[in-house]
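Since every read-out is calculated from the coordinates, none of them should be taken as a lab result. Since this is a predicted model, take the numbers as computed values, not measurements. A quick note on method: Cβ atoms are made from the backbone with ideal geometry, for glycine too, and the neighbour counts reach across all protein chains shown.
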Amino acid sequence: MTRLNLALLLLIGCIAALPLFGGPYALRLGTIACMYAILALSWNVVGGFAGYPSFATAAFFGFGAYTTGVLLNDGLSLTLSIMATLAASFLLAGLLGVVLLRLRGHYFAIASLSLVEVLRELVNNATDLTGGGMGLNIPLASGSGILADATFFFYAMWGLLLATALMVIAVSMSRLGFGLACIRQNETASDMVGLNSTLYKSVAFGLSACFVGAAGGLYAAWVHYIDPSDVFDILYSVKPIVMALMGGLGSPLGVVSGAFLYLGLEEVVWRNYIQIHSGVLGVLIVMLLLFLPRGLISLRWSMLWRKAKHV
């Protein structure tokens, strides 16, 4: 395991201490930050490792939210609902990946974006099951009253973030990660030497989707009400990409750092420039990407440390 991966696990470990020092407001922000870090890390498997610009994150987030919501309404426990959502998301993404991942470049990007609208319309029309445009009310999960506590959902989302990070690290160190790197560098050459690129991409797409779906499921259980316009919001696809670019494409540590940096900037800008927050945030992001085109991870921390010691 590399030092950067160890640093990632250390960073996630430090995040677990947030409830000890922050109040309800910080706890809520921490839960949202962990959720977006999961989305960004998951996107990085397809977008960073394989180099495929996927916009399907919102599709699987919404799918996971509704799958968990329906199962909870049917009386299933939260744990079993999330596990079922993981499996269903992996299966759906794996099957769709066999078709979608035959496309490349902007063709794949457009197809993955279309998937968000397709699933949104399916949910909107399945009124008896999902409530359609009226949304879906989700009861408090069965079991102890602790499930109603914000601290529980923070640690549930944090645990899922840790699991996602371990998955991404395992992929990066495995044959799958090597295959995805080959696909990113030259997919045609990879096919010519016998690499089953469709299989590799489909597995990566499935792994990416299953953790996104689980995050959507936890989100649904946390807020107790979901509707298609909320959980299929295209921002769930766009923000993780921006976070990955800010932190460093392909680097798990950079992606998580980018997620927390983005949400920190968003919160500061929202509180101080509420009328023009979108414009100010956009300018800050553009400036960061201009001065750090390879993300935060490109900063030479070791060089800075050596210079600091000689001051």
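For this structure, a couple of remarks:
- 3J(HN,Hα) along the stretch 255-261, derived from phi through the Karplus expression 6.51 cos²θ - 1.76 cosθ + 1.60 where θ = phi - 60°, amounts to 5, 5, 4, x, 5, 6, 5 Hz, with x in place of Gly and Pro.
- Counting beta carbons within 10 Å around each of 79, 164 and listing the fewest first gives the order 79, 164.
- Semi-axis lengths, largest first, of the ellipsoid equivalent to the stretch 3-309 are 29, 26, 19 Å, with √(5λ) applied to each eigenvalue of the Cα gyration tensor.
- Translational diffusion of the stretch 172-264, estimated by Stokes-Einstein from the Kirkwood radius over alpha carbon pairs at 25 °C in a medium of 0.890 mPa s, is 159 µm² per second.
- Here the convex hull built on the C-alpha positions of the stretch 113-223 has a volume of 140 cubic angstrom per residue.
- Computed from backbone phi, the HN-Hα couplings of the stretch 79-93 come to 4, 5, 5, 5, 5, 5, 5, 4, 5, 5, 5, 4, 5, 4, 5 Hz, rounded to whole numbers (Karplus: 6.51 cos²θ - 1.76 cosθ + 1.60, θ = phi - 60°; Gly and Pro given as x).
- Taking the Cα atoms of the stretch 1-100, the ratio Rg/Rh between the radius of gyration and the Kirkwood radius comes to 1.03.
- A Förster radius of 22 Å, combined with the Cβ-Cβ distance separating residue 21 from residue 140, puts the computed FRET efficiency at roughly 0.20.
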